[in-house]
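Enquirer: Structure below; questions to follow.
All of the numbers you see were taken from the coordinates with simple rules; none came from a lab. This structure is a prediction, so every number in the text was calculated from the model and none was measured. Quick reminder, even Gly has a Cβ in these numbers, built from the backbone with ideal geometry, and neighbours come from all protein chains shown.
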Amino acid sequence: MRVALGISYNGQAYQGWQSQLSGLTVQDKLEAALGKFAAQRVSTLCAGRTDSGVHGIMQVVHFDTPLERDTYSWVRGTNANLPRDIAVQWAVVPPEGFHCRACATSRRYAYVLYESTIRPSIDQGRVGWAFRSLDADAMRQAADILIGEHDFTSFRASQCQALTPVKNLMEIAFSKRGSYWRIEFEANAFLHHMIRNIMGCLVQIGQGKKPPEWMAEVLAARDRRAAAPTFSPDGLYFLGPRYDAKWGIPDRAPAYDGLP
């Protein structure tokens, strides 16, 4: 039987999603908790790996098991063995053929940016920080340049393992509440550090260090050296993948509404 889970986590204490020898990753903690509940080893596959310090609102994973359990039992039993900063939100037994990565039609992220002359304190580790004022119109103009299918090599980390740098960036949406910016990204897939590198460019443009047209130059260069430095992981949240309704996978988790 294939089981799909929706996972939320605060990434501050972990070395990213993917399992490592250190055992200090979200996948390691999840698989250890599943193993305790199932009384056997459980291996998971995720919809999209996240880096060290990046948070997850609705990471989707699947695993195969010979055990038959009520779906809510997978939620409660696994959560009983997880640390407090990781929680299973839901469990689904999807139709045959479901694959959490291959069946995803797009993936969504949000970057929460705190605009203030004073560094964050209560939100430390959960928001990015811009200590100079930002020009919303300039950032939106620059973001529009990136919409569509492009070669995003200029925003790709050197260690990226993606087979191609060509991705379809469907949307970059801006909203602001008080001092908090929420910038949402949706694409068919993302390159390693792609959003954080785009954020570095958007912040420079928003602060007036570069004009909006500079984003087109960076994109056309197809050279990582043309872009701004990689921005902080602190404010980056994986909102989750989207699937065709036939798979019966929830489209969002409650924590989605908790972000500014």
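Enquirer: Out of all DSSP beta bridges in the chain, what portion is antiparallel? Express it as a percent rounded to 5.
Expert: 90 percent
Enquirer: Percent relative contact order of the chain, based on C-alpha pairs within less than 8 angstrom and at least six residues apart?
Expert: That works out to 24 percent.
Enquirer: In percent, how large is the relative contact order of segment 106-237, given Cα pairs closer than 8 Å and 6 or more residues apart? List each step's numbers first, then the result.
Expert: Numbers: 275 pairs, mean separation 48.0, N = 132.
Relative contact order of segment 106-237: 36 percent.
Enquirer: If the only charges are +1 at each Lys and Arg Cβ and -1 at each Asp and Glu Cβ, what is the size of the charge dipole of the chain around the Cα centre, to the nearest 20 debye?
Expert: 420 debye
Enquirer: Okay, next question. For segment 2-103, compute Rh as the Kirkwood radius over C-alpha pairs and then the Stokes-Einstein diffusion coefficient at 20 °C and 1.002 mPa s; write the answer in µm²/s, rounded to an integer.
Expert: Reported coefficient: 159 µm²/s.
Enquirer: Can I ask one more? In nm, to one decimal, how far is the modelled label at Gln40 from the one at Cys160, with both set 7 Å along Cα→Cβ?
Expert: Each label point lies 7 Å from its Cα, and together they span 4.0 nm.
Enquirer: Using the basic label-point model (7 angstrom from Cα toward the beta carbon), what is the Glu184 to Thr117 distance in nanometres?
Expert: So the two model labels end up 3.3 nm from each other.
Enquirer: Gain in length, Ala13 to Met1, computed as 0.36 nm per residue apart minus the alpha-carbon separation, to one decimal in nm?
Expert: So the chain would gain 1.1 nm between Ala13 and Met1.
Enquirer: Where does the chain land on Rg(C-alpha)/(2.2 N^0.38 Å)? Show your work: numbers first, answer last.
Expert: Details: Rg = 18.8 Å, N = 260, 2.2 N^0.38 = 18.2 Å.
Normalised Cα radius of gyration, the chain: 1.03.
Enquirer: Any chance you could give the angle, 0 to 90 degrees and rounded to 10, that helix 136-146 forms with the longest Cα principal axis of the chain?
Expert: 70 degrees
Enquirer: On the Cα set of segment 111-260, report Rg and Dmax in Å, please.
Expert: For segment 111-260, the Cα radius of gyration and maximum Cα-Cα distance read 15.5, 48 Å.
Enquirer: With a Förster radius of 25 Å, plug the Cβ-Cβ distance of Arg252 and Lys209 into 1/(1 + (r/R0)^6) and report the FRET value to the nearest 0.05.
Expert: 0.10
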